[in-house]
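Here is the structure we will look at.
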Amino acid sequence: MRIRADVEDIQATRTEKLLAVVLAAFLLLGGIWTYQKIDDVVRRHVSVPTFATAGPASARLQQAQSRAAQASGRRQRALENLELRREAYRTALEAHQPAGALRKQYDAAQAEFSVADRQLAAAQRDANAARPAAELEQRSLSRRTERADPRQQRYSFFARLGLVILWIAAADGLLVWGRRRASRWFPLAGSVVAAATIMAFVLAADYLTDYLDPFDWGVAGIAALGIVATLLVYWGLQSYLIRRVPQRRVKRRQCPFCGYPVGDNVHCEGCGRAAVAPCTECGAPRRVGTPYCAACGASAG
């Protein structure tokens, strides 16, 4: 008959613990890479309608702005020509030279500048008139784009959540299997559980920080989170010890309450409590802390 040792009785070597830590690190590295890659895959395969094409109001505004830019260029050239003709005409007058032709050129340049100035003003009025409709159209396109974009974000979130849930389920299943089989691979199962737990925190931090800024909480908020997390871990540890420690002590023929050696004694010499009590089913003497009765096989639950 082969007897399996309990998992708690198997002492993991330092090398096994080191390898478990290394495995957890590499699992976490691959998990984070996969976590980031999911978003790229979703963006490639989930199409989001785009509304980059300008509408009629935006097209009219662009045309008006283009005409205004051209009119501004013509006005600038006309102004430069006007200044040149004016200087030439004034120089001829000051030198008492014939200036009839220069006067005509100056008048023509002044008329050209006036036309360019009126064209620029008209183009600017057209642009100002088209701007409110174009801005309203752009706001409408922006709202439609904002409503369409969360589709990719929603798919990425559910894909990442599914990855983390499957990882946690597989890790727990592997942990249960290793415990039932009392396998020497049990420390590596713990590595998978640790990596899955860290990935769950990565997912929570990634999406919760979109709504909450941890730096706004200050030291008090961080301290409160640390206190709550420590209390939860302590509560979980105590629940585990309450279930497992009495059985481990009974195996070593110790008192299930204080751990003092009792041997075949009925009462503990360390705390005085009864180490043997009658079975609730058959009444036979039964050592306190054992999961089953040796006489009738009844469970302690």
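Can you confirm whether the stretch 44-62 contains a residue that is assigned to a helix (DSSP H, G or I), modelled with pLDDT of 80 or more, open to solvent by 90 Å² or more (accessible area, probe 1.4 Å) and polar (S, T, N, Q)?
Of the residues in the stretch 44-62, the ones assigned to a helix (DSSP H, G or I) are 44-45, 56-62.
Still in the running and modelled with pLDDT of 80 or more: 44, 56, 59-62.
Still in the list and also open to solvent by 90 Å² or more (accessible area, probe 1.4 Å): 44, 60, 62.
Narrowing the set further to residues that are polar (S, T, N, Q) leaves 62.
Yes, some residue in the stretch 44-62 is assigned to a helix (DSSP H, G or I), modelled with pLDDT of 80 or more, open to solvent by 90 Å² or more (accessible area, probe 1.4 Å) and polar (S, T, N, Q).
Condition (residue is over 28 Å from the mean Cα position of the chain (by Cα) and either exposed (fewer than 15 other Cβ atoms within 10 Å of the Cβ) or without any contact (Cβ under 8 Å) to a residue 12 or more places away in the chain (or both)) applied to the stretch 150-171: is it met by at least one residue? Outline the logic, then answer.
So in the stretch 150-171, the residues over 28 Å from the mean Cα position of the chain (by Cα) come out as none.
Within the stretch 150-171 (the criterion being over 28 Å from the mean Cα position of the chain (by Cα) and either exposed (fewer than 15 other Cβ atoms within 10 Å of the Cβ) or without any contact (Cβ under 8 Å) to a residue 12 or more places away in the chain (or both)), the answer is no, since none of the residues qualifies.
When you scan the stretch 112-123, do you find a residue that is among the charged types (D, E, K, R), under 30 Å from F186 (Cα atoms), assigned to a helix (DSSP H, G or I) and in contact with a helix residue (DSSP H, G or I) (Cβ under 8 Å, 6 or more places away or on another chain), even just one?
Taking the stretch 112-123 as the starting set, the residues that turn out to be among the charged types (D, E, K, R) are 112, 117-118.
Keeping just the survivors that are under 30 Å from F186 (Cα atoms) gives none.
The answer is no, given that none of the residues of the stretch 112-123 is among the charged types (D, E, K, R), under 30 Å from F186 (Cα atoms), assigned to a helix (DSSP H, G or I) and in contact with a helix residue (DSSP H, G or I) (Cβ under 8 Å, 6 or more places away or on another chain).
Determine, yes or no, whether G221 is open to solvent by less than 70 Å² (accessible area, probe 1.4 Å) and either among the hydroxyl-bearing types (S, T, Y) or modelled with pLDDT of 85 or more (or both).
Details: open to solvent by less than 70 Å² (accessible area, probe 1.4 Å): yes; either among the hydroxyl-bearing types (S, T, Y) or modelled with pLDDT of 85 or more (or both): no.
Taking the combined requirement at face value, the residue does not satisfy it.
Scanning for something without any contact (Cβ under 8 Å) to a residue 60 or more places away in the chain, open to solvent by less than 100 Å² (accessible area, probe 1.4 Å) and over 24 Å from R179 (Cβ atoms), does the stretch 233-255 turn up at least one residue?
Yes, some residue in the stretch 233-255 is without any contact (Cβ under 8 Å) to a residue 60 or more places away in the chain, open to solvent by less than 100 Å² (accessible area, probe 1.4 Å) and over 24 Å from R179 (Cβ atoms).
Looking only at the stretch 102-127, count how many residues are open to solvent by 70 Å² or more (accessible area, probe 1.4 Å) and of a type outside the set (S, T, N, Q).
We begin by selecting, within the stretch 102-127, every residue open to solvent by 70 Å² or more (accessible area, probe 1.4 Å); these are 103-105, 110, 112, 118-119, 124-126.
Next cut, of a type outside the set (S, T, N, Q) only: 103-104, 112, 118, 125-126.
Total meeting the criteria: 6.
The values are calculated or read from the model by the stated rules, or taken from the named source; none is laboratory data. Quick caveat, the model's predicted, so the values are computed rather than measured. For neighbour counting, all protein chains shown are included, and Cβ atoms are generated from backbone atoms with ideal geometry for every residue, glycine included. SASA here: full protein model, heavy atoms, side chains in, ligands and nucleic acids out. Shrake-Rupley method; radii C 1.70, N 1.55, O 1.52, S 1.80 Å.
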